[in-house]
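Peer 1: Would you mind keeping the following structure in view while I ask a few things?
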Amino acid sequence: GVPRCGTSLHKPNKALGIELNANARCIWQIQRNTNQTIRLIFSYFKFAPSSSCESESIKVFDGPSTDSPLLGQVCADTDAVPVLESSSNSLTFLITTNPEAFTRNFFAYYYFFSPGPGTENCGGQLTGPNGTFSSPNYPAPYPQFRYCVWHIQAPKKSKINLQFRDFFLELDRNCRLDFAAVYDGLTTGSGLLGKVCGLAQPTFESSSNTMTVVLSTDDTNSYRGFSAHYSSAPLPGPMEPNTTLTCSSYSMRIVLSKSYLASLGFREADLQLNDPSCRPVVTDSVIFSFPLTSCGTIKKDEGHSITYTNTISLAPAGSTITRQRNTEIIAQCRMKNNETLELLYITTNNAIQNLTAEGRYNVSMAFYESESFSKPIQYSPYYVDLNQTLFAEVTLHSTDPNLQVFIDTCTASPEPDFGSLTYDLIRSGCNKDDTVVTYPAFENHGRFKFRAFRFLRRFPSVYLQCDIVICDSNNTNTRCARGCISRHKRAISPYTWKTNTVVGPIHLRRDLRAAEHSESLTEVEAEKTPNLQQYNFYTLAFVVLISNILIVVAVTLKYHKHQVGYSYQSVQS
């Protein structure tokens, strides 16, 4: 084929970054003379906005050509991170695109492995109302080329709350390399709740008593992985037998009970969304699970919130359709402030029932090496020089390509609770520190740079906290479009979505031998600190820990030697 359009691959593993335009038909063949099989992971894919599975897709075949049996298909409305495994030492995939003028991007990697019991040495079945699990080797670095799957099943009539108490995977803008994926059910085909990487503490909630968690790693960088805890809680009583709705940054998931549909006189085959080609999966329940902006979903920016609405039409069985009552299920995800308000109401002869739940946008923050924002800082702690320029990026992880990220306020403080001492870098979209430069909005990223604080040498720790605003990029009358708001025009924006994550620590780069100096010198230095600007901080968002290596080492040694009894040598190691 033409450059970047298909090839024959024989290496034992390889990452593939693929960029295609309109009317492409490209074939990649993976084959190697070995008794192993192939695992192929499409960790990122971006098709044309108007595409369907019929017009453009990725088709994966279990063998050396496109005449081999079809393993699976990936298209724009695929609500999962596709992982496909061959039955032999060859595999082929075909990507076709439609005539629409649009740059498609895909990222995949494959590796050969020997399947069998104990190959992965991770994952498994978790049952009971609560439990814990962790990545392989935790807290030591996780192994490469590992694919772990945990299936969680809580008691019936309950939902699962999953919390990653410690989480550190390789950071990548779209989580293409190492990632954890969480699914709303007992398989990886049951609807993606979210995909995360980097340094975070994400939480997830299921719509039923089952959940699936996946860890996938490549061969580049390994970190300590994660430790997770899950607990269960009763499902909402009155509506549980009928319907549930779950929303996330990625998808909308609607679960209908067969008994409820039968009570209305409808069959599973009678259901359709706004886009009739989107069909439900029928198990013990009837499940619609689809990316947030697909299947005919209607998005509306209401000023104080962004809503995503889709409708399930219920056409009665039999030949007396016009005689039956008109019934619709209207599912609405409303992204508002610190939560996602999920509304599902059913109209039957003008009767309406409501269901609400909680959720949020998935947002992360990271530092990068330069203003190209191509290489994230992968190591921790992050050592910087005084007055060094730091590059920060906030990323919204969502299947909605038409969202804009705006950095409204960023405040620094030596206190983690942002008490009386604070210093503004950005306030109401206006740069308050003369070293701050904000970059124009780019897709789902907000970016800015600033110099390492002059008071790094005076405080043992400096924290950075940012308020992030998310807007519809197609709407020109939003908070994001207004930019800097001066003091006399200032108003608390109703568009603010907030999340809480930690990036760091950042240490001031100095000779470590300076840690042997007297602690009293540090205390005198701290006493000379001038007062900072004082503000009442009204929302909690991103926290960046910036620490002075001199003070951190000195305090740590004092604590361990005099209070715990650790030796100086053990603290060093």
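Peer 1: Once both labels are modelled 7 Å past Cα along the beta-carbon direction, what's the Ser114-Glu54 spacing in nm?
Peer 2: For the pair Ser114/Glu54, the computed spacing is 4.7 nm.
Peer 1: Further question on the same structure: Just list whichever of Lys258/Lys300; Lys46/Lys299; Lys14/Lys159; Lys300/Lys375 have alpha carbons separated by over 29 Å in the model shown.
Peer 2: Too far apart for the 29 Å limit: Lys258/Lys300; Lys14/Lys159; Lys300/Lys375.
Peer 1: Another question about this same structure. As an exercise, take the mean of 1/r over every pair of distinct alpha carbons in the stretch 123-234, invert it, and state the Kirkwood radius in angstroms. Show your work: numbers first, answer last.
Peer 2: Details: mean 1/r = 0.0725 Å⁻¹.
Computed over Cα pairs of the stretch 123-234, the Kirkwood hydrodynamic radius comes out at 13.8 Å.
Peer 1: Mind listing the long-range amide H neighbours of Cys430? Cut-off is under 5 Å, sequence gap 5 or more, other chains count too, H placed in the peptide plane at 1.01 Å from N.
Peer 2: The list, which skips near neighbours in sequence, is Ile485.
Peer 1: While we're here: So if I place +1 on the C-beta of Lys and Arg and -1 on the C-beta of Asp and Glu, and nothing else carries charge, what would the dipole magnitude of the stretch 1-50 be about its Cα centre? I want it in debye, nearest 20.
Peer 2: Computed charge dipole of the stretch 1-50: roughly 120 debye.
Peer 1: Further question: With point charges of +1 on the Cβ of Lys and Arg and -1 on the Cβ of Asp and Glu, referenced to the Cα centre of the stretch 123-234, which listed residue (Tyr230, Gly128, Tyr147) lies farthest in the positive direction of the dipole?
Peer 2: So the residue furthest toward the plus end is Gly128.
Peer 1: At a Förster distance of 25 Å, what's the computed FRET efficiency of Lys375 paired with Asp434, Cβ-Cβ distance as r, to 0.05?
Peer 2: Once the sixth-power term is evaluated, E becomes 0.40.
Peer 1: Report the local net charge at His397: Lys and Arg +1, Asp and Glu -1, summed over other residues whose C-beta lies under 10 Å from its C-beta.
Peer 2: Around His397, the charge tally is +2.
Peer 1: Under the definition of Cα pairs under 8 Å and six or more residues apart, what whole-number percent is the relative contact order of the stretch 123-234?
Peer 2: Relative contact order here is 43 percent.
Peer 1: Still on this structure, please answer the following. Could you tell me the center-to-center distance, by alpha carbons, between the stretch 157-180 and the stretch 35-62 in angstrom?
Peer 2: The stretch 157-180 and the stretch 35-62 have Cα centres spaced 23 Å from each other.
Peer 1: Could you tell me what fraction of 2.2 N^0.38 Å the Cα radius of gyration of the stretch 8-113 comes to, as a two-decimal ratio?
Peer 2: Working it through for the stretch 8-113, the quotient is 1.03.
Peer 1: Which of the chymotrypsin sites (Phe, Trp or Tyr not before Pro) found in the stretch 360-436 are in a DSSP loop and have at most 12 neighbouring Cβ atoms, other than their own, within 10 Å?
Peer 2: Answer by residue number: Tyr379.
Peer 1: What are the radius of gyration and Dmax of the stretch 68-169, computed over its Cα atoms and given in Å?
Peer 2: That works out to 18.2, 51 Å for Rg and Dmax.
Peer 1: In the full protein assembly as shown, how much of Arg173 is accessible to a 1.4 Å probe, in Å² to the nearest 10?
Peer 2: Solvent-accessible area, nearest 10 Å²: 60 Å².
The values are calculated or read from the model by the stated rules, or taken from the named source; none is laboratory data. Here the structure is a predicted model, which is why all the values come from computation and not from measurement. Glycine gets a Cβ as well: all are built from the backbone with ideal geometry, and neighbour counts include every protein chain shown. Side chains included, ligands, DNA and RNA excluded: accessible areas come from the protein's heavy atoms. Shrake-Rupley method; radii C 1.70, N 1.55, O 1.52, S 1.80 Å.
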